[in-house]
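No lab work stands behind these numbers, since they all come straight from the coordinates. Bear in mind that the values here come from a model prediction, so they are computed numbers and not experimental data. Every residue, glycine among them, receives a Cβ derived from its backbone with ideal geometry; neighbour counts consider all protein chains shown.
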2 protein chains.
Amino acid sequence: MTYTIGLDYGSLSCRGVLVSTIDGTIIAEDEFVYPHAVIDHELPDGTPLPPQWALQDPEDFRQAFQTLIPNLLKTSQVSPTQVIAIGIDSTASTVIPVTKGLIPLCEQIAFHNRPHAWPKMWKHHAAAKEATEITDAAVAQGLPVVRKSGGAIGCESLMPKVLQIFHEDPEVFENAASFFELCDWIVSLLSGCEVRSTPLLTCKSLWTPQDGYPKGQPFDSITPKLAFHDSIRPIIAAPGESVGTLHPSMAQSLGLSENTIITAGQMDGYAALPGVGIADEGTLMMMIGTSTADMILSRKWKDIPGVCAAMEDANLPGFTNYAAGQACVGDMFKWFIDNCLPEKYTLEARQRGLSNHAYLSELAAVYSPGDTGLIALDWWNGNKSCINDMRLSGLLVGLTLATRPEHIYRALIEATAFGARKIIDNFNEHGLPVHDIVACGGIALKNPFLMQIYADVLGMEIKATACTQTAALGAAIFAAAADSCHSGHRNVFSAIHAMGAKATVSYKPVIENTRKYHDIYRQFMTLHDFFGITCNNTMHFLGDCHK
Amino acid sequence: MTYTIGLDYGSLSCRGVLVSTIDGTIIAEDEFVYPHAVIDHELPDGTPLPPQWALQDPEDFRQAFQTLIPNLLKTSQVSPTQVIAIGIDSTASTVIPVTKGLIPLCEQIAFHNRPHAWPKMWKHHAAAKEATEITDAAVAQGLPVVRKSGGAIGCESLMPKVLQIFHEDPEVFENAASFFELCDWIVSLLSGCEVRSTPLLTCKSLWTPQDGYPKGQPFDSITPKLAFHDSIRPIIAAPGESVGTLHPSMAQSLGLSENTIITAGQMDGYAALPGVGIADEGTLMMMIGTSTADMILSRKWKDIPGVCAAMEDANLPGFTNYAAGQACVGDMFKWFIDNCLPEKYTLEARQRGLSNHAYLSELAAVYSPGDTGLIALDWWNGNKSCINDMRLSGLLVGLTLATRPEHIYRALIEATAFGARKIIDNFNEHGLPVHDIVACGGIALKNPFLMQIYADVLGMEIKATACTQTAALGAAIFAAAADSCHSGHRNVFSAIHAMGAKATVSYKPVIENTRKYHDIYRQFMTLHDFFGITCNNTMHFLGDCHK
């Protein structure tokens, strides 16, 4: 019996699994909640942050693997020698400025109070101008990456974040030896080598296997910092490939064997796709959590407008992975609960021992499509698919004196479902037919009310997996593929077939609801096109005003 | 010394004043809160009401004058013989189906559980289809009243409400001897005669002094019920004119003299105009409360699109009164407090001993124009000026995960200010220049934060009166004019000059804020025109869906 460990670095916590390489059974799992969560108002020392900033504390990331790996070993009672490999996935681009010794710059006293020295989280949106600058330069050079990134390089990727540091705090930029994606940093720490993962390089850093980084400005200003100049030779590898074994000192401190293979890191959504057992085209993975990631594979490259990324070999070799998504889903529902739920509702929920979400879902469930008289545009955190404009913002229309909180809550859920439908329509219309949907992620597991609305809006059956750790499982699958000698899986596909999670729940559309939602969706699309395309200056203006 | 009494029947209470006819000094004032408030979910016996309904209990109206008049006499210590006249104003159209003896039909056991037998409040919006039917018929006949009513007969006026009864409950319609405007009903009860007031007839019932009611369908179906057929001869009179004296039995029960003159009723907004001392053109009255009424006089009739009503002699003889307004202002802020304010805010406000409004205003006041990144369309209860479409609904755009309740609260206040600016721009653009603004109403008195935003958005000084009872005072002024023998005022103009309230507070625009709001207003107008005109089917669709 052999096992692998997968670590999934999310927005607020890191989840770890220890799984059997035979069938992917999760033998042990654990979660490490980041003590510093998201740093979006002020640094720990009180230094205030401007709007749109989102930082994290790198010590949280380090503690995560230091805590989780020993815990998984202990809980599972598996012998360290049976753990043959480790895989890592993380949010991206979460970008860490580091010194030569891989020490985060913000941990140096001289830079502790400098916001730009801290890791910028994926949802740090303050580099919007830099994203435009990068996009303009890439367009001017005719780089195919722009088309493959949905027509624009978004501020959630790496280069705009690094360019913002270059612009706004040159001293931090100069003193950083390099900038790392979170999962690359963890893999580098574990292996003791400088490792960059190809999917992150191609999807988030405009790098290609043929040409490396783009040349010319503004790229020349920042690319010298995207790899160390000397000492250790950087390793460039794909998830499922070995980058070497655990560094001896790490092996000792974590209680693992020095022979443990490390595979290259992967973006969390991209890890979840093998995690839910997808290894071929036709099946859409919809990972619904704080935000939603949608992914589908294709053997042939197709030019599909508005996807976030359509990169060859970005996920599985031989396939282009088409990634779309919605920038805020669970985050928007949480925003509503935190900012819009009146006292009488929270009191009633508390009295009945229900979560606010459960109580609101119960109230909202009595309505039929359209009953609320409301439509929302789900752009509380911008639009990252089809329009691909992070400066767009949320909208709510149809408000009357009779509007109640549960109406708005339902409208927000419906809005995310309409956003999902737009993404699927877009795939279908451009030659990438969606035959099946497999849902995963926290919300897909916990919220059958939402899932039924999704099935009704999409007019399709949605299968959901009961596995709560699909991304971590995917990382463990990549790990198993990276050590085929011991796992017995000759490549990543055989590992997925054996170890991927199975769907256990099914949501089927109610025809009458689908029909009604069809009409409402047309109105949604009128608003979508007006605010997102025809008259996007209204939301841009408001975004520029916002303080 | 002589005195008059003015009673102002509002949405939730009736206010009464007893004032000196010399200078309008309020000697006594009192308020009677309607025990049954607004009946919008179910009848007192539990009979459920459809959406958009708003009824009231006529016994509340009766108790109001029976309670207030004796209280005013008692508090003021004025001798009943010194009270020379009574004036009434009320919301309109608040429509009461009555029997021959002026008994409300809903007070008959057989009709007690029939929603259509109850008084329909002005803001009963369930007769939207009938409003369209009435409008279409009036347009087909080329009736000038359509143009004078802003291009459409709104469902807040009388005829659509009566037509809805005719359509939906023919038995109630048949058994009603007539339908009365609230203030006409009170005046009729007090005087013992059937009295109809000319401003209400012309503004709310399509009646003209020349032609009476319109002929043809659907008018012929309902107009026979708009006056009693026999017995007492109806009196048609204007406010400021006497309709006779107090009925002896009323005089006895109220403790007043049988010689007390009754003047014809007036709509509440129209009573407030003389109440704030306006007796000539150039000055806009802005009465800001649950909704806002804007009024300005003109000696010449001008065709101004989008005003709610532009009726000759509707207020003061010789002037056309241009009435515009916003269908919900305070109502919208109250909706927000009731439905959107999270527990931590209500707890904090309570702990600090502040009202929720005061606490939110304090939080919202730290921002500058635009800082919230939000714009709202203030159509939670439809649009009754410039577009004149009650099927429109509210909108909020610019929402992000950083949006806080105080941002939305401020955006709602700003939206009402933009709505006010649109109304004033419309007057100015069509030859009715607004030189001065006098504000009154509950919100104008209590909310300096809102008033400063209005001054900034409008770029004009706003004067406000400290008088809390401008409509009741206006009713008392009309009463004084109706008994010129004893009051010494030879007409309503001299009564206004002597008795009208004086402005005591001034809000001056801050130039920098006005400049910023100018840009935001342009965005507001983009939304206004898109949702209100170009693409109004979105809101119509949502209104039709809403259950």
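Scaled against the 2.2 N^0.38 Å expected of a compact globular protein of N residues, the Cα radius of gyration of the range A:79-158 reads 1.49. The overall shape of the range A:198-325, judged from the alpha-carbon gyration tensor, is oblate: a/c is not under 1.5, and a/b is no greater than b/c. Mind checking the range A:478-547 for chymotrypsin sites (Phe, Trp or Tyr not before Pro) that DSSP puts in a loop (not H, G, I, E or B) and that have at most 10 other Cβ atoms within 10 Å? Nothing satisfies the criteria. With label points set 7 Å from Cα along Cα→Cβ, the inter-copy distances at A:Lys215 are 9.1 nm, sorted shortest first. Once the label point is set 7 Å along the Cα-to-beta-carbon vector, what list of distances in nm do you get between A:Gln141 and its counterparts in the other copies? Between copies, matching label points for A:Gln141 lie 7.5 nm apart. Label sites at A:Ile22 and A:Asn428, each approximated as a point 7 angstrom past Cα along Cα to Cβ, lie 4.2 nm apart.
Among B:Arg490, A:Arg62, the ranking by other beta carbons within 10 Å of each residue's beta carbon, starting with the fewest, stands as B:Arg490, A:Arg62. Peptide B:368-375 is shielded by partner chain Cβ atoms: per residue, an average of 5 of them sit within 10 Å of its Cβ.
For B:Lys100, A:Lys516, the sequence from fewest to most other C-beta atoms within 10 Å is B:Lys100, A:Lys516. Distances between copies of B:Ser355, taken at a point 7 Å out from Cα along the Cα→Cβ vector and listed shortest first: 3.8 nm. When Lys and Arg each count +1 and Asp and Glu each count -1, what net charge do the other residues less than 14 Å away from B:Thr538, Cβ to Cβ, add up to? Spelling it out: positives minus negatives among the neighbours equals -3.
For the protein assembly as shown, the Cα gyration tensor yields ellipsoid semi-axes of 68, 29, 24 Å (square root of five times each eigenvalue, largest first, whole Å). Average 1/r across all pairs of distinct alpha carbons in the range A:441-528, invert it, and you get the Kirkwood radius: 15.3 Å.
Could you tell me which of rounded, prolate or oblate describes the range B:342-463, using a ≥ b ≥ c as the square roots of the eigenvalues of the alpha-carbon gyration tensor, with rounded for a/c under 1.5 and, failing that, prolate when a/b is larger than b/c and oblate otherwise? Note, shape of the range B:342-463 comes out prolate. With both labels modelled 7 Å from their Cα along Cα-to-Cβ, the B:Ile103 to B:Gln77 distance reads 4.3 nm.
Rounded if a/c is under 1.5, else prolate if a/b beats b/c, else oblate: with a ≥ b ≥ c from the C-alpha gyration tensor eigenvalues square-rooted, which is the range B:134-269? Here the range B:134-269 falls in the prolate category.
Each 20 Å bin, from zero up to the one with the longest distance, holds this percent of the alpha carbon pairs of chain A: 23, 57, 20, 0.
When shorter helices are ignored and each DSSP H run of at least 4 residues is given -39500 (n - 2.57), the per-residue value for chain B at 222 nm works out to -11500 deg cm²/dmol. The alpha carbon centroids of the range B:424-493 and the range A:29-58 are separated by 53 Å. Electrostatic bookkeeping for A:Ala176 treats Lys and Arg as +1 and Asp and Glu as -1; over the other residues with beta carbon under 15 Å from its beta carbon, the sum is -3. Counted by Cβ distance under 13 Å from B:Glu241, the other residues give a net charge of -1, where Lys and Arg count +1 and Asp and Glu count -1. Averaged over the residues of A:386-399, the number of partner chain Cβ atoms lying within 10 Å of the residue Cβ comes to 5. In the structure shown, do any of A:Lys344/A:Lys384; B:Lys123/B:Lys302; A:Lys129/B:Lys334; A:Lys446/A:Lys547; B:Lys225/B:Lys446; B:Lys100/B:Lys446 have a Cα-Cα gap over 32 Å, and if so which? Check vs 32 Å cut-off fails for A:Lys344/A:Lys384; A:Lys129/B:Lys334; A:Lys446/A:Lys547; B:Lys225/B:Lys446; B:Lys100/B:Lys446. Counting only other chain Cβ atoms within 10 Å of each residue's Cβ, the peptide A:531-542 averages 4. Taking other C-beta atoms within 10 angstrom as a stand-in for reagent exposure, B:Met499, B:Met460, B:Met1 fall in the order B:Met1, B:Met460, B:Met499, fewest first.
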